[in-house]
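The structure appears below as structure tokens.
Quick note: the coordinates plus some simple rules give every number you see, no bench work behind them. Fair warning: this is a prediction, and the values are worked out from it, not measured in the lab. Cβ sites come from the backbone with ideal geometry, for glycine too, and all protein chains shown count toward neighbours.
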Amino acid sequence: MFEYGYSQEDITPHRGIGLCGYLNPRYNKGAHDRLLLKAVVFKDGDGIAALVEYDLCLMPATLSTRLSDAVAKALPALAGKTVFAATHTHTGPYTHGLFTDDCTDAAYLDEVIQKTVIALRNAQLGLAPAELAATTTQCGSLAFCRRFRMKNGVTLTNPGKLNPDVVAPTGEIDPLIPILAIRQEGAIRLLIVNISNHADTVGGDFVSADWPGRMEREIQYRLGEDIPVISLTAPQGNINHFNIATDADQTNYAEACRIGKGYAAAVLSALYSLRKVDFQGVSIQKSVFEGPYLTVTDEEYAEAKATYEKYKDASMAPGRDFTSEDIAKGTPYAKKYFAQALMECRDKLPAEKRYEEVSVIKFGDAVALVTLPGEPFVEVTRQIRAESPFKVTMVVALAMDAIGYMGMPEDYGNGGYETLPGPGKPSKYLGQELVRQARALL
């Protein structure tokens, strides 16, 4: 008999906490809307699996390990059976040092861990008979490939609005939106949607769950019930919401509301196509494997050193964010920053090997949730989905580690922010390895 339980906790941070998502630290001055962690437990007979999603930018291995240890101690039935993932909002607290000195707040992370255990315990206590339903829909108007081939032959990320030197995007988006619904007593009690887009619309220094939070609020408003919506971020490493064919301002809270309402409309329009999923057994399978680091050649190192020496005195203007648009424009500070990052690929190469995890939560042989670390490109999703034997396959990024961007080998070496070298960045072959690991588990 299939059972499910759900619980959530508020993790909106205090004023003054560092906000993660851009290349410089920002400090919280308030909140547009609250941040949540959402915990769901699935059970069928002896099989059990759990998923916790956080309105946070990243889920680093340091945090997921602490979460796993806390769950194993407090809730033994969920030990090794739980996956942790982030929505990737760029206006949530730091979970580890990204692009800057460590701005994490230890007390805040302790609270997140405590609230995770509370939510999972309540979800486990709330297990009750339920029905799983599924469908798919599409939305192709809110996401865009953010990597472009330019007239000079190089690739640029976010080249700027109405840039006349753009030739074409280097890839396509993933418009498919798989939807799962949990029904109890004939009514929908939970929606799980899988959308490929960056949660990077708000900017500034006010906390926000970004468009996933606004999508949930719009769905609840339209349905007239506070039905929780878990928005699992599909691989989106080369995707965002910027339409460079317009000069519209797309970095503000109103944009988060617009995109949230757009995705809500797509999801709501598909609810009548939900169909019950008949299956037997819930299980979770995991694969842990080495995630090698990106390496640089002697020539690349020498060139980066010369660039760094040329721009070593460059600095950012005070009071403004260091964003990917600075990188696209090739500002002196951006050149210095990434020249130093390339050199650190060698100078600060970790001595220890790094290990990553791919997990698959299976609902019989009908539905699968594949969880991946970091931010893979959408091509990873396409390959996994194309080879999956399951009728519905969700591919979830930003789970269990914040390893960085992962494209295919052909995406490297011609420019673009995501594939620039940096300390700790993954090998250009790791995207392919994610596909292999997922294929084997499926």
Could you tell me what fraction of 2.2 N^0.38 Å the Cα radius of gyration of region 1-129 comes to, as a two-decimal ratio? 1.10
Counting other Cβ atoms within 10 Å of each Cβ, which trypsin sites (Lys or Arg not before Pro) in region 149-238 have at most 11 and sit in a DSSP loop? 151
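Report, for the chain, the % of DSSP beta bridges that are antiparallel, rounded to 5.
Values: 63 of 82 bridges.
Among the beta bridges of the chain, antiparallel pairing accounts for roughly 75 percent.
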What are the ³J(HN,Hα) couplings of region 158-169, residue after residue, when phi is run through the Karplus curve with 6.51, -1.76, 1.60 and θ = phi - 60°? Round to Hz, x for glycine and proline. 6, x, x, 5, 6, 5, x, 8, 6, 9, 6, x
Within a 10 angstrom radius of the beta carbon, how do 309, 172, 216, 352 rank from fewest other beta carbons to most? 352, 309, 172, 216
Here region 402-411 yields Karplus 3J(HN,Hα) values (6.51, -1.76, 1.60; θ = phi - 60°; whole Hz; Gly and Pro given as x) of 10, 6, x, 7, 9, x, 9, x, 5, 7
Packing-based exposure ordering (other Cβ within 10 Å, fewest first) of 410, 356: 410, 356
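Quick check: convex hull of the Cα atoms in region 131-278, volume per residue, rounded to a whole Å³? The partial results should precede the final answer.
Working: hull volume 16.5 nm³, N = 148.
Each residue corresponds to 112 Å³ of Cα convex hull volume.
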Over all viewing directions the Cα convex hull of the chain casts an average projected area in nm² of 20.1 nm²
Going by amide H atoms built from the backbone, whose H comes under 5 Å of the H on residue 237, apart from near neighbours? 377, 378
Amide H partners (placed H, <5 Å) of residue 56, local residues excluded: 87, 88, 89
Among the Cys residues of the chain, which have no other cysteine Cβ under 4.7 angstrom away? 103, 139, 145, 257, 345
Only Lys, Arg, Asp and Glu count, each charged at its Cβ (+1, +1, -1, -1), so figure out the dipole size of region 131-278 about its Cα centre, rounded to 20 debye. 320 debye
Within 10 Å of each residue's Cβ, count the other Cβ atoms and sort 310, 81 from fewest upward. 310, 81
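So how strong a dipole does the chain carry about its Cα centre when Lys and Arg Cβ are +1 and Asp and Glu Cβ are -1, to the nearest 20 debye? Don't skip to the end; give the middle numbers.
Values: 45 positive and 54 negative charges, 86 e Å.
The calculation lands at about 420 debye.
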